[in-house]
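A short write-up of the structure that comes next.
The values are calculated or read from the model by the stated rules, or taken from the named source; none is laboratory data. None of the values given here were measured: they were computed from a predicted structure. Every residue, glycine among them, receives a Cβ derived from its backbone with ideal geometry; neighbour counts consider all protein chains shown. What goes into the accessible areas is simple: the full protein's heavy atoms, side chains included, and nothing from ligands, DNA or RNA. Shrake-Rupley method; radii C 1.70, N 1.55, O 1.52, S 1.80 Å.
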Amino acid sequence: MMGDHVNTDDNEYVYVSDDDGDISGVDDCDDDYETDDYDDNRDEFQAVDVSVVTGPSSKVITKESLLAAQREDLVRIMDLLSVKEHHARALLIHYSWDVEKVLAVLVEHGNDELFAAAGVKVVEHDDGPSSLKFSSTVSCNICYDDVSATEVTSMDCGHCFCNDCWTNHFIVKINEGQSRSITCMAHKCGAICDEVKIRCLVGARDSDLAEKFDRFLLESYIEDNKRVKWCPSVPHCGNAIRIEVDELCEVECACGLQFCFGCSSEAHSPCSCLMWKIWSKKCQDESMTANWITVHTKPCPSCHKPVEKNGGCNLVRCICKRTFCWHCGGQTHDFYGCGRYKDKDVEMDTQSAKRDLERYMHYYNRYKAHTDSFKLERKMKKTMKNKINKLYESDSSSKDFSWITNGLNRLFRSRRILSYSYPFAFYMFGNQLFKEDRKNKKQRYEEEEGEKKKKRQKYEEEKKKNKQLEDNMKKERTIKQDLFEDQQQQFEANVEKLSMYLEENFESYSEDKFKDWKMRTIALSVTTDNLGRNLYEFIETDLLGCFKDADHKIAPYKSKGVEKASEHHSSLGI
C-alpha cells in the first residue's frame, strides 16, 4: 500500500507507512521516502492530519507476558486503594478488568459502595481469634473437631476453621470453576479468601490442582476482560490481544491472523458483526448446495426446479414430466407436457423462491470471486519479492521500491473491502435482516397506540400513514442502493485495474517505461484508496448510521488497513 504524508505546522511532510503486513523476505525494501524519487512524486500522496499519527492501539499478550500484563492492573488498584491482591483481583473481575471504571465508581460513590457492589469485604481485625493466643486446641465450627491451633487458618474476615475443612472447601470450588472469587465458608459471609492461603492449603494436598487454581486466576484476565481476547487462530497460537480503546476494531495478531475484536471472527468490515454471523451460517448451510446446483443442474422451463442429467441423452425429463433440451432448455415433445395442476399461490411461492435463490447466488458468486482473487493475489508476494530483487540488481537510478510493496498491500486491503461489500449489500438492501426489527417496532407502536386504534376510523388513518411511511422508506432505500452500487462499481473497476498493473512484468521495462508505469501505479493506488474510503464512509454513515443497535456497528476505516498489534512490554519491569 502507498503511504500517506502528514502535513505539519512547518509545512513539512512526514511519511506514515500504510503497510498492513510487509512482504516477507523483502528486507531491503524500506518505507523511507527520503530519496529523489520521493521529492519527484510528493504531489501524488495525500496529506492527513498529524493527530492521526499515534502508536499502536492494540498489544499482543503472549504466554510469557500474560502475568506481567495482569500484574500491572493489579498493582494500580492495590496501590490506589491499599488493598491486598485478592481484593484488587475481585474488584477488577467484577468491573471486567476496567481500571478506569473502578476509579470512576470510587470517585462517584466512595470505597464502601465500590467494595459492596463487587462483593468484597475488607474487615480490619487482629491476627486471629483471641482464643488462638491462649489455647493449644481450637474447635472447628464446620466439622466440630478439636484440632491444634497450628492446624487452623483464619481469613481476612476473622473466621477461623481447620485446614482440612478449608482445603475441602477450596477443592470443591476450584473443581466447580469458581476459582476467581472463592468466599469464606461462614454463614452469610461473602469475604473473598486470601489467594496465598488457598494456594498453600490446596498445594499441600494436590499440587496439580493448585496449578489449575493459578491458571484460572491468570486466565481470568482474558476471559473476564472486555478489552482482551484470545486470538481465534486454529491451531491456537497461544496469544491474546489487548486493545487500548473501547471502539469496535479489527486487529492482526503476531501469528498473522486478522480478526474482528467484536465477534472474534475473521475481519469482515464493512459487514457488521450481525450481518457476517448470518452470512457465514447461510454460506455454510447453502453455498455448497447452491454451487453444486449451479454447476450440475439446469432449471426446468416448466416448474423451474433444478434438474440433473444422469444419462447420455440430452433430452431430459423433469419430475414434473416436462421434457426439454439440456443444451438450450427449449420445450420439446409437447405430448409429454406437464399435466400437474398448479395452484396460483404455489406458483407464486415457486417464483419467490426462485428470485430469492437467484439474488443470493448473485451476491454469493461475486463475494466468492473476490475472495478467490484475494487468495491468488496474496501469492504475488513471492513473485513481487523476486521482481524487486531484480530491480535492485539492475542499473536503475532509483533504489527505493517501497511504493511497490505499499501498492500491493493497498490492493489486498481494497480487495477485502470489496469482497465483504457484497454480503453487506445482500442484507442491507434485502428484507431478511431487518424484518424482525420492523416487526418489533410495529408491535411496540401498536402497544403504545392501542387505545387510539380501538376506533376503526382511527385505525384506518394510521394504517394509511404507515403505508405511506413504508413507501417513502422503500423509495429512500432504492435511492441509497443506487448510490451504493455506483460507488461499488467504480471502486471495483479501479481494484481490478490496480491488480492488472501490479501483475505486469515491470522488472524488464526500460527506464522511461518503468517511470511511466510507476506514476500510473502510484496515481491508481491513491485513487483506489480514496474510492474505498468514500464507499466505506457511505456505508458507515448513510446506511448503517440510522441503526442504533451495536450489532450493526463496524470498525472505523483506517488508511493503513488492519492494524498489526505490537508486542506488550511491562511497565513494571517484570
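Once divided by 2.2 N^0.38 Å, the Cα radius of gyration of the range 170-260 becomes 1.39. With one equal scatterer per alpha carbon and no solvent term, the Debye-computed log10 I(q)/I(0) for the range 364-404 at 0.13, 0.15, 0.35 1/Å reads -0.42, -0.51, -1.10. Could you give the distance between the Cα centres of the range 152-212 and the range 410-425, to the whole Å? Using only Cα atoms, the two centres lie 53 Å from each other. In terms of packing, defined here as the mean over residues of other Cβ atoms within 10 angstrom, the peptides 516-527, 106-117 line up highest first as 516-527, 106-117.
Solvent exposure of the range 203-327 amounts to 50 Å² per residue of accessible area, where only protein heavy atoms count and the probe is 1.4 Å. When the Cα positions of His187, Ile241, Cys231 are compared along the charge dipole of the range 152-252, His187 comes out farthest toward the positive end, with charges on each C-beta of Lys, Arg, Asp and Glu.
Each residue of the range 202-217 was assigned a 3J(HN,Hα) from its phi angle through the Karplus curve 6.51 cos²θ - 1.76 cosθ + 1.60 (θ = phi - 60°); the sequence is 5, x, 5, 9, 8, 5, 5, 5, 5, 5, 4, 4, 5, 5, 4, 5 Hz, with glycine and proline shown as x. Pairs of C-alpha atoms in the range 132-198 farther apart than 17 Å represent 39 percent of all such pairs. The Rg/Rh ratio for the range 54-121 is 1.03, where Rg is the radius of gyration of the alpha carbons and Rh is the Kirkwood radius. Only protein atoms count toward the accessible area here, which uses a 1.4 Å probe; on the range 138-277, the carbon and sulfur part of that area reaches 49 percent.
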